[in-house]
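J.: Structure in structure tokens, see below.
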Amino acid sequence: MLLEDCPLEPKFCIIGAGFAGLRAARHFEQLGVDYLILEGSDRVGGRVYPFEYREGYLQYGAEYINGVENEVYGIAKKLGLLAGRTEDLWMLDESTITVVDGEKVDGETMKVFRDFVRDLNETLYLESETLSGSAEDRIEYHLSQRSAPNPKTLEKLCKIYKNYFQTEWSSPINELSLANLSLWDDGTDAEDSAVLNHLGFQKILEDLKSRIPKERIRLNSKVLNVHYSGPLVHVELSSGEVLSFDSVLVTSSLGYLKSHHGELFSPKLPRGKQDAIERMGYGSNLKVFLEYEGAWWPRDTSTIMICCEGEMEDFMVFQPSSWAENILTCWIAGNGPSLMAEKPDSEVQKLLDHHLKTHLTSLAPPESLRVLRKDWITDEFALGSYSYLTPGQDKRDILTLGEPILREGGRPLVCFAGEHTDPTMYQTTVGAARSGLREAIRMTKAFCE
């Protein structure tokens, strides 16, 4: 299909220049269809946000690639970016340093914990086929049924497993449906992800942008309203400008839709779509990069895990960078991102330095030089990290989120893409890109066939 096969000569609009928007644009570009991307921020990439550090790029946002048989993985492979695999259940790695209340956990206790996690993880996946309650309830149930030499320590160590769910799914553990485990599927049987080299998502982003002319992307173009009641769709910008299109693809984050769907669309979205937006979970993770003169942790350390009570209990996972030897990444989930968003970098740095010094006395951590972070929870257009199913939900809500609004005759007025609309790989760059292509195909077929 090329432009000459499209006698209607439609003009399309893409709202958002993240992976969904960029992938849709590449499809339109290949077909020679007229389109324009409107991006509210001053950059492209959305929740993919590489930033230059020394000879490479650290990642404020997406860092790993799920699955193998997908376009994003294929780009990484083509560009020579793949640097290995990492297990999702990082707490099972024997090169971890685990501390509970300031004391390093002995090897025998860690073996009991790892065996428990392996058994429990397999059980939860089996239960997820029929149960849709909270993951926390099932973990607590199985923990109560387990006998252990030191049950109090095992209970505290289980906070690490709960935190794994919070970090992996960007969800408070009590809000995460067990059904996510069976519904989400990257097409492999392995619980791991691809690790990228020092260039990482920067080069993938450059590849996606490479065939999109600069004049097709308008940055700093915040959309206030999408008016779709007539034969054309009118898009009102914060500048006061109104643009008209035959069809519009909305790739806004679920967080943005949750906050703004009431005023973003005229008329309001169908009730079923509004309900799905409101029911779907949407959480936040935070990475804080601590910079040092050099590594102070043992060379073979994969993860440092700290279990404690109080304000810092969600600050338990620290991982050395896979390529920047002086960088330690703190992965923060649960209530931690909200707590950190309220604090300046200097206070975050002081808190984390004190946290490490208090619980890792034998390693004598030095003070960090600085911290680097991006608070997604306060980002105007992201308002969080990614989506998840809440207890009682099923994939029908995800399918509803991806349904277009059609005009008489069946052609789409407004289409919807983004990670939250992919029924099996929501949360991921793979799902985002795939959804953008899905809707671009829908739009071109409707107007050009």
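Each reported figure results from applying straightforward, stated rules to the coordinates on display, with no laboratory input. Predicted model, so just to flag it, every value in this text is computed and none were measured. For neighbour counting, all protein chains shown are included, and Cβ atoms are generated from backbone atoms with ideal geometry for every residue, glycine included.
J.: List residues of the stretch 260-296, by number, whose backbone nitrogen lies under 15 Å from a label position 7 Å along Cα→C-beta of Arg396.
T.: 271-277, 279-280
J.: Would you calculate, for the chain, the mean residue ellipticity at 222 nm contributed by helices, counting each DSSP H stretch of 4 or more residues as -39,500 (n - 2.57) and dividing by all residues, to the nearest 500?
T.: Numbers: 13 runs with 153 residues, N = 449.
Mean residue ellipticity at 222 nm (helix-derived): -10500 deg cm²/dmol.
J.: Identify all aspartates and glutamates with a Cα-Cα distance to Lys258 below 16 Å; exclude those on the same chain that are fewer than 8 residues away in sequence.
T.: Straight-distance partners of Lys258: Asp275, Glu278, Asp379, Glu380, Asp397, Glu419.
J.: Normalising by the residue count of the chain, find the relative contact order in percent from Cα pairs under 8 Å and 6+ residues apart. Please list the in-between numbers first.
T.: Details: 909 pairs, mean separation 111.5, N = 449.
Across the chain, relative contact order equals 25 percent.
J.: Just tell me which aspartates and glutamates come within less than 14 Å, Cα to Cα, of Lys78; anything on the same chain fewer than 8 places away is out.
T.: Those aspartates and glutamates meeting the cut-off are Glu69, Glu206, Asp207.
J.: Another question, then. Normalised by the residues of the stretch 348-420, what does the relative contact order come to in percent, with Cα pairs under 8 Å and at least six apart?
T.: Working: 46 pairs, mean separation 13.6, N = 73.
It comes to 19 percent, rounded to a whole number.
J.: State the label only: which of [x] 23.1; [y] 24.3; [z] 22.4 corresponds to Kirkwood radius over Cα pairs in Å computed from the shown model?
T.: Given [x] 23.1; [y] 24.3; [z] 22.4, the structure-derived one carries the label [x].
J.: To continue, here is another question. Hey, fewest Cβ within 10 Å first, where do Trp169, Trp297 land in order? List each step's numbers first, then the result.
T.: On the way: Trp169 26, Trp297 17.
Ordered from fewest to most neighbouring Cβ atoms within 10 Å, Trp169, Trp297 come out as Trp297, Trp169.
J.: Here is a follow-up. Could you let me know the centre-to-centre spacing of the stretch 266-325 and the stretch 114-154, using Cα atoms, in angstrom?
T.: So the separation of the two Cα centres works out to 22 Å.
J.: At what distance in nm do the modelled label points of Arg299 and Arg271 sit from each other, each positioned 7 Å from its Cα along Cα→Cβ?
T.: 6.6 nm
J.: Below 29 Å, Cα to Cα, which lysines can Lys104 reach? Residues fewer than 8 away in the same chain don't count.
T.: The reachable lysines, counting only those whose Cα sits under 29 Å from Lys104, are Lys152, Lys156, Lys159, Lys162, Lys287, Lys350, Lys357.
J.: Just need the relative contact order of the stretch 124-196 here, percent rounded to a whole number, with Cα pairs under 8 Å and 6+ apart.
T.: Values: 49 pairs, mean separation 38.1, N = 73.
Relative CO of the stretch 124-196 lands at 52 percent.
J.: Calculated FRET efficiency, Tyr141 and Arg43, Cβ-Cβ r, R0 51 Å, to nearest 0.05? Walk me through the intermediate numbers first.
T.: Values: r = 45 Å, r/R0 = 0.88.
Plugging the Cβ-Cβ distance into 1/(1 + (r/R0)^6) gives 0.70.
J.: Next up: Once you have the Cα-Cα distance between Phe51 and Asn335, take 0.36 nm times their residue separation minus that, and quote the gain in nm to one decimal.
T.: On the way: separation 284, 0.36 × 284 = 102.24 nm, distance 2.54 nm.
Full-extension gain reported as 99.7 nm.
J.: Then there is this: What number comes out for the charge environment of Ala364, summing +1 per Lys or Arg and -1 per Asp or Glu over other residues with Cβ under 15 Å away? Mind dumping the intermediate values first?
T.: Details: positive: Lys104, Lys357; negative: Glu293, Asp353, Glu367.
Surrounding charge for Ala364 is -1.
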